[in-house]
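The values are calculated or read from the model by the stated rules, or taken from the named source; none is laboratory data. Since the model is a prediction, treat every value here as computed from it, not as a measurement. Cβ sites come from the backbone with ideal geometry, for glycine too, and all protein chains shown count toward neighbours. Keep in mind that these areas ignore ligands, DNA and RNA; they rest on the heavy atoms of the full protein, side chains included. Shrake-Rupley method; radii C 1.70, N 1.55, O 1.52, S 1.80 Å.
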Amino acid sequence: MNIYDEVKGAVTIGISGHIRPDGDCIGAAVGLYLYLKKACPSADVQVMLEKPADVFSCIKGISEIHTDFKTAVECFDVFIAVDTSKERMGEAEKYFDGAKKTINIDHHVSNSGCGDVNYIVPEASSTSELIYQVMEDKSFVDVEIAKAIYVGIIHDTGVFQYSNTSPSTFKAAAELIAYGFDFSKIIDETFYEKTYVQNQILGRALLESILFMDGKCVVSMVDKKTMGFYQAGPHDLEGIVNHLRNIKGVECAIFMYQTDTLEYKVSLRSNGLVDVSKIAVFFGGGGHVRAAGATMQGTFHDITNNLSARIDAQLKEIERTKV
Ligand code: AMP
Ligand code: MN
Ligand code: MN
């Protein structure tokens, strides 16, 4: 895909991603926004996302995001959904539905494409890497665009650690750092650095985690009361599930935080054996083989039971087909 050809002639262009945007979603949406503003100077380009975490303020254009989802545009000529399918767009979904032309760029294996034009590559490290690919005319790419895309790539690859990292990811990253920004500082400030409170919650979640299924599974949870005590939001819980996944012997890690009475946002991580995307899709969510999520109803114990039944079934099936 050459994104310029797809939006050529459009007077109004909207961009959005998924609810509770992560680094990839923010990097992809804002990187694309900065690029299209340069490539299509006469177009009105707008990006709509829920308010990004403060750590992303190093990305240029972050303050120009319509975090209230308000716009004077009634019907966008083109609306682009990045890092998501339309069901997970939250308030932006209505603009997507009302647009004259829709484009979907994503890397979730659970997304079959919801746009008039789709560029879905499940093997890609991140949507940000795909966004860099569709910027065919690289003459518009500048240091700020490079920075946004780079942030997206490092977040979805765990700083080039996860198995979704490929030679093309490194090639893109090599080109991006050549624009000259302090990548080391960006990695520290947006990915590794945690506030004192974030570390306290992480500590608590690890301390209260429960190992089960002969050590193949681990689960932990943070309830509303605890989040209130620490004055913590969803941003403060990012990364906890990865620590759980790192426990030796664990095939599948579950982390959930309470979003409402009998409602939890669940994150699933696998070390490759279990396909957690399939499990998340079964419960109305989605994601990738090794990282997926869903919002689930019930008590912590009900949800854990329901998930472990699916994990157990997959592990048994793997065992059965091995012999
Ligand atoms: P999380 O555990 O929320 O960090 O998400 C892990 C991966 O699954 C990310 O790539 C998310 O974009 C994806 N994901 C999480 N929740 C959902 C959902 N409800 N629908 C589709 N994909 C999801
Ligand atoms: Mn994402
Ligand atoms: Mn992503």
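Kindly indicate whether S85 is surrounded by 24 or more Cβ atoms within 10 Å (Cβ to Cβ) and among the small types (G, A, S).
no
When you go through F76, F69 one by one, which is the residue that is surrounded by fewer than 19 Cβ atoms within 10 Å (Cβ to Cβ) and in a loop (DSSP other than H, G, I, E, B)?
F69
Show the residue pairs that are 6+ apart or on different chains and have beta-carbon atoms under 7 Å apart, the first residue being within region 82-102 and within 16 Å of ligand 3 (Cβ to nearest atom), the second being of a type in the set (D, E) and in a helix (DSSP H, G or I).
So the pair list comes out as D83/D24; K86/E93.
Here is a list of conditions, (1) within 17 Å of the chain's Cα centre (by Cα); (2) over 27 Å from E193 (Cα atoms); (3) away from ligand 2 (no atom under 15 Å from the Cβ); (4) of a type in the set (A, V, I, L, M, F, W, C), and A72 meets all of them except one; can you say which number that is?
With (1) within 17 Å of the chain's Cα centre (by Cα); (2) over 27 Å from E193 (Cα atoms); (3) away from ligand 2 (no atom under 15 Å from the Cβ); (4) of a type in the set (A, V, I, L, M, F, W, C) applied to A72, the lone miss is (1).
Would you pick out the residues in region 12-38 that are more than 19 Å from G115 (Cβ to Cβ), away from ligand 2 (no atom under 14 Å from the Cβ) and of a type in the set (A, V, I, L, M)?
Residue satisfying the conditions is L34 alone.
For Y35, only one of the following conditions fails: (1) part of a loop (DSSP other than H, G, I, E, B); (2) open to solvent by less than 60 Å² (accessible area, probe 1.4 Å); (3) of a type outside the set (G, A, S). What is its number?
Against the list (1) part of a loop (DSSP other than H, G, I, E, B); (2) open to solvent by less than 60 Å² (accessible area, probe 1.4 Å); (3) of a type outside the set (G, A, S), Y35 comes up short only on (1).
May I ask you to list the residues in region 265-299 that are among the charged types (D, E, K, R) and either within 15 Å of ligand 2 (Cβ to nearest atom) or in contact (Cβ under 8 Å) with a residue 40 or more places away in the chain (or both)? Outline the logic, then answer.
The first filter runs over region 265-299 and keeps only residues among the charged types (D, E, K, R), leaving 265, 269, 275, 278, 290.
K265, R269, R290, listed by residue number.
Can you list residue pairs whose Cβ atoms sit under 7 Å apart, with the first residue in region 300-313 being open to solvent by 70 Å² or more (accessible area, probe 1.4 Å) and the second being modelled with pLDDT of 95 or more? Count only pairs 6 or more apart in sequence or on different chains.
R310/I279; R310/F282
Give just the number: which of (1) assigned to a loop (DSSP other than H, G, I, E, B); (2) surrounded by fewer than 20 Cβ atoms within 10 Å (Cβ to Cβ); (3) more than 8 Å from ligand 1 (Cβ to nearest atom) does G284 not satisfy?
Unmet condition: (3).
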